[in-house]
Amino acid sequence: MCGIAGYLSRQQAASRDPLFSMLKSVGHRGPDSYSGFVEGGVAMGTARLAIVDLAGGTQPAVSDDRRVAVVFNGEIFNFRELRAGLEKQGHRFRTRSEVETLLHLYLQHGEGFVSLVKGQFAIAVWDGRGEDRLLLYRDRFGIRPLFWHRNAQTILFASEIKGLLSHPAVQPRLNAHAILQTIRFWTVAGDTSAFEGVKQVPAGHYLKLSAGEECLVRYWQLPVSAEVEPLYFASDEDYFAAFREQLDASIRRQRMADVPVGSYLSGGIDSTVVAARLSRQIDGPLKTYSVTFDDPDYDESFAQDLVARRFGFDHHACRISSGDISRTFPQVVWQAETPLFRTAPVPLFLLSRAVRKDGLKVVMTGEGADEMLLGYDLFKEVAIRLFWEKRPESKWRGRLLERLYRHLPQYRNRRYIQILMDFYRTTLQGAEEDPHYAMAVRWGNGKAIENYLSPVLREQAAAYDPCSALQPMLPPRYPDIDHVERAQQVEVATLLSNYLLASQGDRMSMSHGVEGRYPYLDDDFVAFVARLPRRIKLRGLRDKFVLRHAFGEEIPDQIRNRPKVAYQAPEMIAFFENGKMPDYAEELLSRERIQETGLFDPGAVDALIAKGRSATLSRLGMRDSVAYLVILSTMLLDELYVRSKLGIHSDIETPNNMELV
Amino acid sequence: MSNTNSACVDEVRAEIIEYVLKNYVTEFDARTLPLDKSLVELGILDSFGVVELVAFLEDRWAISIRDEEITREKMGSIDKMVSLVLGKLNP
């Protein structure tokens, strides 16, 4: 819904200008209006994207005695029921807005009110009734972001790190641990951000801050199977019927808005089902948006067009070239505020620009289906490895992996099958000893990338285990669940929260004031899916079984049976044209710059670039690509944030005044 | 062995080592890179790297490696690769 920011000052009175400056830095998230609240030592406000209660939803919501104020970013899908409940308890409301409901919920229930709230949100509550206190809340999956920083005098918070960096108290310095985590996990973990001194409130947590206190409280965790009451139905058909009902209800809840809602269409089953079911609920054709690529290796337009035609969508395709990717990458890194291991955020950045131009503010997407319904190859891979490990000499067990990876270039040519099986056979052991057995191949690749680090950073890496940041995010019963479920928990805590919903999701869509809605991550829908038996989600090697079958003929065969194709965009190869990289990359990856910045090893980086310049294959390996992008995006963060302090700006118009409540 | 064969061994080995160090980042250098261990197990090559390496060997020495020779047994260390290549050059 918008961007939020604010600060609490111990000694000085808060004032309008620093707040306005922080809000302008997140103004792309809420280009409709700015409003704020300044009282004693606290200042907080929003850059607003008007979606619900267009006339009356000004923030912050402030208590009558002006001692409690609330700002929030996101959507509260059950706010009408919550408000009705509060009215019964005697609360009176001036507006029909969500933020006012949150204020009264806090006044009624205290800090634990968040357990009642269903939605996507980042909420900041200032409570000045006793000692000044700031409470920062984040939704269960981390859909909406929330960062904070404190020093001796001030506590600050903002939707994006940019908001914090615009305050004079915060000096941008890259966080070495963030780089090490990203190399290993593809993302940061826990409360880490890419900048030292800046933390994020982790998904499913809230933070209590005051002069003498800093307390992180977890209010929700993705349940493990043993913790939920299983749903028993007599037949698959019964499960399918329940699933249809639950997903339709989720879509109905999630499309709450006083403005039109569109849909992203990737060509895969997840977004196809969402778009198909959403279109049944609305009048008129559904507006859908897709990314298409010049490079046929990545393009999915055939599937997208098929779906759009079948359902009569008002479809828009955004065509992306390699040049678009390398040109737009710096702006995207600036938006993402964290090292990137893929270029996929770039097409999504350009897509949200197109959606904005079309006048839409809200889009539904298929994010979350792979995590909740076990769609990733990773889940099948670990199941196969465990199966194969029982009889490692068996050839046909190993060949199951081949079926899984048929789309990867190294598997397309049959002659390599044997040695690739030999490669995978080396990863079989460890199911008993390694708590993160499922992640062994991916994290092993990550460890190899540490060889690109400078000697200083490599020394740090030798003494630091990134798992220490991940551990607190995993459920206490992690050791009791099987490896497939462990992989699911890890994916939710890392890839989903800190990349798919963050760098690829919120940061890209909100860069143009477009809000994403995620029916597969709806709180009630997630609770239902958690109760479904494993075989309804992953049946043998058939992933997302219930999703693929519950809608029958309505979904075209080609989409229903399409194997998972990870959403990808041209990677490292997009940065090399006739052996040359774009100017900014030539400069930032030069020996001199790499040496000076001290994060990476100049010799190793040179060798990687030489490989890129002379590449004959149409794709480079994943390990090389990930290394290249992490290095380039980190050097860009250094250039954009540490050296130039925000050299790039948002490309959309925002107002130039702020209303005070 | 004749002098020609010994020279070949050193040359082939040196070139393979150079290729590996140039294309895959690792903590080893020309002196320390293990010759008798699997590059995959050492974490130097991933599955894609294996494919690249086979392509390199075939291109560099204009040899043809049979499908059934592309195995860990025949190629699972630098020493093994050297033997494989020499075997093709001096049949």
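The values are calculated or read from the model by the stated rules, or taken from the named source; none is laboratory data. Everything numeric here is computed off the predicted structure, so don't read it as measured data. Because the Cβ atoms are built from the backbone with ideal geometry, glycine has one as well, and the counts that use them run over all protein chains shown. Heavy atoms of the whole protein, side chains included, go into the accessibility calculation; ligands, DNA and RNA do not. Shrake-Rupley method; radii C 1.70, N 1.55, O 1.52, S 1.80 Å.
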Matching option when the condition is surrounded by 12 or more Cβ atoms within 10 Å (Cβ to Cβ), of a type in the set (A, V, I, L, M, F, W, C) and touching a Leu at 6+ places or on another chain (Cβ under 8 Å), among B:21, B:35: B:21
Filtered residues of the stretch B:66-78 (kept if over 11 Å from residue A:416 (Cα atoms), of a type outside the set (Gly, Ala, Ser) and open to solvent by less than 30 Å² (accessible area, probe 1.4 Å)): B:75, B:78
The stretch A:15-66, residues that are more than 19 Å from residue A:157 (Cα to Cα) and at pLDDT 90 or above: A:63, A:64, A:65, A:66
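Could you identify the single residue in A:390, A:395 that is away from chain B (no Cβ under 14 Å) and either touching a residue at least 60 places away in the same chain (Cβ under 8 Å) or open to solvent by 50 Å² or more (accessible area, probe 1.4 Å) (or both)? Outline the logic, then answer.
On the way: A:395 fails: away from chain B (no Cβ under 14 Å).
So the residue among A:390, A:395 that is away from chain B (no Cβ under 14 Å) and either touching a residue at least 60 places away in the same chain (Cβ under 8 Å) or open to solvent by 50 Å² or more (accessible area, probe 1.4 Å) (or both) is A:390.
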Checklist (1) crowded, with 19+ Cβ neighbours inside 10 Å; (2) within 22 Å of the chain's Cα centre (by Cα); (3) in a helix (DSSP H, G or I) applied to residue A:115, failing item: (1)
Single unsatisfied condition, residue A:415 versus (1) open to solvent by 20 Å² or more (accessible area, probe 1.4 Å); (2) within 12 Å of chain B (Cβ to nearest Cβ); (3) within 33 Å of the chain's Cα centre (by Cα): (3)
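So which residues in the stretch A:85-111 are assigned to a helix (DSSP H, G or I) and of a type in the set (Gly, Ala, Ser), if there are any at all?
First, pick out the residues of the stretch A:85-111 that are assigned to a helix (DSSP H, G or I): A:85-88, A:98-111.
A:85, A:110 - these are the residues of the stretch A:85-111 that are assigned to a helix (DSSP H, G or I) and of a type in the set (Gly, Ala, Ser).
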Of the criteria (1) within 14 Å of chain B (Cβ to nearest Cβ); (2) surrounded by 15 or more Cβ atoms within 10 Å (Cβ to Cβ); (3) of a type outside the set (D, E, K, R); (4) in a helix (DSSP H, G or I), which one residue A:610 fails: (2)
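In the stretch B:79-91, which residue that is open to solvent by less than 40 Å² (accessible area, probe 1.4 Å) and either in contact (Cβ under 8 Å) with a residue 60 or more places away in the chain or outside any helix (DSSP H, G or I) (or both) is nearest to the other protein chains (Cβ to nearest Cβ)?
First pass over the stretch B:79-91, keeping only residues open to solvent by less than 40 Å² (accessible area, probe 1.4 Å): B:81-82, B:84-86.
When the remaining residues are screened for being either in contact (Cβ under 8 Å) with a residue 60 or more places away in the chain or outside any helix (DSSP H, G or I) (or both), the result is B:81-82, B:85-86.
On the way: B:81: 12, B:82: 17, B:85: 16, B:86: 20 Å.
Among them, the one singled out is B:81.
Filtering the stretch B:13-64 down to residues that are outside any helix (DSSP H, G or I) and among the polar types (S, T, N, Q), which residue is nearest to the other protein chains (Cβ to nearest Cβ)? It would help to see each step written out before you state the result.
Of all residues in the stretch B:13-64, those outside any helix (DSSP H, G or I) come to B:24-46, B:62-64.
Keeping just the survivors that are among the polar types (S, T, N, Q) gives B:26, B:32, B:38, B:64.
Values: B:26: 6, B:32: 13, B:38: 7, B:64: 11 Å.
Top of the filtered list is B:26.
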Any hit, the stretch A:361-378, residues being in a loop (DSSP other than H, G, I, E, B), at pLDDT below 95 and of a type in the set (Ser, Thr, Tyr): yes
Qualifying positions in the stretch A:123-140 - crowded, with 24+ Cβ neighbours inside 10 Å and in a loop (DSSP other than H, G, I, E, B): A:139
The lone exception for residue B:48 - which of (1) touching a Pro at 6+ places or on another chain (Cβ under 9 Å); (2) open to solvent by 20 Å² or more (accessible area, probe 1.4 Å) it fails: (2)
Residue A:168 being open to solvent by 10 Å² or more (accessible area, probe 1.4 Å) and not polar (S, T, N, Q): yes
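Can you tell which of A:393, A:432 is farther than 29 Å from residue B:65 by Cβ and over 30 Å from the mean Cα position of the chain (by Cα)? Please lay out each step first, then the result.
Working: A:393 fails: farther than 29 Å from residue B:65 by Cβ.
The conditions single out A:432.
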Extreme residue, nearest to the chain's Cα centre (by Cα), among residues of the stretch A:58-84 that are part of a loop (DSSP other than H, G, I, E, B) and surrounded by fewer than 22 Cβ atoms within 10 Å (Cβ to Cβ): A:78
Cβ pairs under 6 Å, 6+ apart, first in the stretch A:585-596 and open to solvent by 100 Å² or more (accessible area, probe 1.4 Å), second at pLDDT 95 or above and part of a helix (DSSP H, G or I): A:591/A:602; A:595/A:602
Some residue of the stretch A:186-193 being under 23 Å from residue A:343 (Cα atoms) and part of a strand (DSSP E or B): yes
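So which residues in the stretch B:65-78 are among the aliphatic types (A, V, I, L, M), more than 8 Å from chain A (Cβ to nearest Cβ) and part of a helix (DSSP H, G or I), if there are any at all? Steps first, answer last, please.
Keep residues of the stretch B:65-78 that are among the aliphatic types (A, V, I, L, M), which gives B:65, B:70, B:75, B:78.
Among the residues that remain, those that are also more than 8 Å from chain A (Cβ to nearest Cβ) are: B:65, B:78.
Matches in the stretch B:65-78: B:78 only.
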The listed residue being in a loop (DSSP other than H, G, I, E, B), of a type outside the set (D, E, K, R) and in contact with a Leu (Cβ under 9 Å, 6 or more places away or on another chain), out of A:171, A:120, A:181: A:171
Lone unmet requirement of (1) open to solvent by 50 Å² or more (accessible area, probe 1.4 Å); (2) within 24 Å of the chain's Cα centre (by Cα) for residue A:330: (1)
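Any residue at all in the stretch A:483-499 that's of a type in the set (A, V, I, L, M, F, W, C), away from every other protein chain (no Cβ under 14 Å) and surrounded by fewer than 18 Cβ atoms within 10 Å (Cβ to Cβ)? Full working, then the answer.
Just the residues of the stretch A:483-499 that are of a type in the set (A, V, I, L, M, F, W, C), to begin with: A:484, A:487, A:490, A:492-493, A:495-496.
Remaining after also requiring away from every other protein chain (no Cβ under 14 Å): A:484, A:487, A:490, A:492-493, A:495-496.
Filter once more, keeping what is surrounded by fewer than 18 Cβ atoms within 10 Å (Cβ to Cβ): none.
No, the stretch A:483-499 contains no residue that is of a type in the set (A, V, I, L, M, F, W, C), away from every other protein chain (no Cβ under 14 Å) and surrounded by fewer than 18 Cβ atoms within 10 Å (Cβ to Cβ).
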Residue A:104 open to solvent by 10 Å² or more (accessible area, probe 1.4 Å), closer than 22 Å to residue A:497 by Cβ and of a type outside the set (Phe, Trp, Tyr): no
Selection count where residues are open to solvent by less than 50 Å² (accessible area, probe 1.4 Å) and in contact with a Pro (Cβ under 9 Å, 6 or more places away or on another chain), scope the stretch A:293-310: 6
The stretch A:428-439: number of residues that are surrounded by fewer than 20 Cβ atoms within 10 Å (Cβ to Cβ) and in contact (Cβ under 8 Å) with a residue 12 or more places away in the chain: 5
Lone unmet requirement of (1) surrounded by fewer than 20 Cβ atoms within 10 Å (Cβ to Cβ); (2) in a loop (DSSP other than H, G, I, E, B); (3) away from chain B (no Cβ under 14 Å) for residue A:615: (3)
